[in-house]
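Everything on this sheet refers to the single structure shown next.
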Amino acid sequence: MFKYFYKLLLINGAETLSFQVVIVEDESLVAQDISQILRDEGYIIQAIASDGETAIKKIVEHAPDLVLLDVQIKGEIDGIDVAQFTQSFYDVPIVYLTAFSDTETLKRAQSTNPLGYVVKPFRREQLLGSIAIALSTHAAQKQDDDETHLKKQFLAIVSHELRTPLNAIIGFAECLSQEFFGLVNPEQIEALQVINSSGNHLLSLINSILDLALIEAGKFKLQLDLTPLAPVCQTSLEYIQQEALQKRIQLEAKIPANLPYLMLDERRVFQILINLLKNAVKFTPDNGHITLEVIHEQHFSTTEDISSIRISVIDTGIGIAQDNIDKLFQAFSQVDSSYSRKYEGLGLGLTFVKRIVELHGGTVEVVSELGIGSRFTIDLPCANPIL
């Protein structure tokens with residue numbers, strides 16, 4: 001089994017280089033046996049150490065690709081101390097060699113995040129398999145770290161190098177269209193309005209990418225406060241009213257007057273509603289109908305009263321095929337059909353909606369039928385509501 005897996009790792013390129021190894025083992029015969037096995041497989045043995053002080057010196061001197069480290073070695077510094085010291089300044093995969101250790105020692109060993117254990121007495125295939133797995137795992141982790149670093153650099157560039165000049169473009173276009181710097185003719189005003197609109201659209205996309213990146217990294221923080229939901233809903237309808245009028249789409253609000261206050265990030269919930277309403281306007285043909293419906297649902301139990309708010313955006317738009325509904329909430333994904341492919345967008349809006357709703361402890365559901373329309377529903381919990 002080990003032999004097969006080891007060969008599989010070799011085939012997949014886990015050991016295409018001559019890896020350099022430092023062996024730390026105080027039993028001379030065992031150390032020589034390990035050294036011979038590894039040399040036969042093409043590894044380069046840089047040093048063999050039998051005590052902790054020598055081990056640290058050899059690791060610092062040679063900077064190996066792997067350290068095979070006996071837990072119990074000669075001297076005042078044991079193998080775990082060597083691992084802890086080494087990891088404080090050098091990223092190297094460590095595979096422990098051990099015959100027997102008490103529970104406390106094993107806990108200490110685990111705290112150093114080793115990439116493998118080889119129990120003595122060991123078989124040749126077991127040793128080689130553990131080493132191959134450790135090297136392959138370390139290479140994958142290093143690649144992930146490099147990709148994370150590149151993502152951080154990219155986000156920093158997007159955040160500063162793109163947003164800063166874009167804000168200036170939008171601001172100056174607005175100033176020019178308002179004739180703060182002198183008179184402009186109607187054609188120039190129209191061009192400036194296009195610049196302003198395009199700039200705001202691009203800024204919105206950049207902000208969405210940054211927000212999603214923060215959410216994925218677990219660094220996105222909601223600014224929660226006790227918030228009345230009805231004004232947020234009304235404001236979101238007013239925000240998209242002009243777009244709806246241009247397509248002669250009728251907007252309808254079904255918002256009860258006695259909705260409870262909720263612990264919400266008001267700005268993010270407003271963004272959620274705008275995303276859903278803008279999508280409804282975008283995919284609803286002229287003379288269509290869009291409804292924003294809010295329902296306060298109460299569920300009674302023997303121990304507590306649980307309630308939730310259900311917000312639905314209902315349209316008479318082009319609809320979505322059932323096979324494509326799962327794609328809606330995937331980042332950078334748009335449903336590819338003859339109906340919707342002509343519409344612009346990166347497919348980030350609904351991904352953002354889902355993530356923010358889930359951060360609020362809620363859920364998102366979609367019911368849709370081609371040629372009939374769609375209903376996007378958000379459920380938000382509201383325990384102990386204040387009326």
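The values are calculated or read from the model by the stated rules, or taken from the named source; none is laboratory data. Since this is a predicted model, take the numbers as computed values, not measurements. Because the Cβ atoms are built from the backbone with ideal geometry, glycine has one as well, and the counts that use them run over all protein chains shown. All accessible areas refer to the heavy atoms of the entire protein, side chains included, with ligands and DNA or RNA removed. Shrake-Rupley method; radii C 1.70, N 1.55, O 1.52, S 1.80 Å.
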**Segment A140-S307, length gained on full extension (0.36 nm per residue, minus Cα span)** = 55.5 nm
**Complete:** Expected vector for the range 178-189, Karplus 3J(HN,Hα) from phi with 6.51, -1.76, 1.60 and θ = phi - 60°, integer Hz, x for Gly and Pro, equals 8, 6, 5, 10, x, 6, 10, 7, x, 5, 5, 4
**Item:** Only Lys, Arg (+1) and Asp, Glu (-1) charged, at Cβ; the range 1-142 dipole about Cα centre in debye
**Value:** 500 debye
**Residue among G116, S88, I23 farthest towards the positive dipole end of the range 1-142, charges placed on Cβ** = G116
**Message:** Sorting check: for 128-135, 223-230, which peptide has the highest mean count of neighbouring beta carbons within 10 Å, and how do the rest follow?
**Reply:** 128-135, 223-230
**Request:** Please pull out the direction-averaged projected area of the range 1-142, using the convex hull of its alpha-carbon atoms, in nm² to one decimal place.
**Result:** 7.9 nm²
**Asked** Got a number for carbon plus sulfur as a percent of the range 164-225's accessible area, 1.4 Å probe?
**Response** 60 percent
**Prompt:** Quick one: Cα centre-to-centre distance for the range 185-250 and the range 24-50, in angstrom?
**Reply:** 64 Å
**Message:** What does the extension gain come out to for A321 and F85, with contour length at 0.36 nm per residue minus their alpha carbon separation?
**Reply:** 79.1 nm
**Item:** Pairwise FRET efficiency - R267 versus Q72, Cβ, R0 = 45 Å, nearest 0.05
**Value:** 0.15
**Item:** Simple label model, 7 Å out from Cα along Cβ direction - E174 to E53, nm
**Value:** 7.0 nm
**Complete:** Heavy-atom accessible area per residue of the range 1-142, all protein chains kept, 1.4 Å probe, expressed in Å², is 52 Å²
**Complete:** Ordered by number, the chymotrypsin sites (Phe, Trp or Tyr not before Pro) in the range 170-209 that occupy a DSSP loop and have at most 12 other Cβ atoms within 10 Å are F180, F181
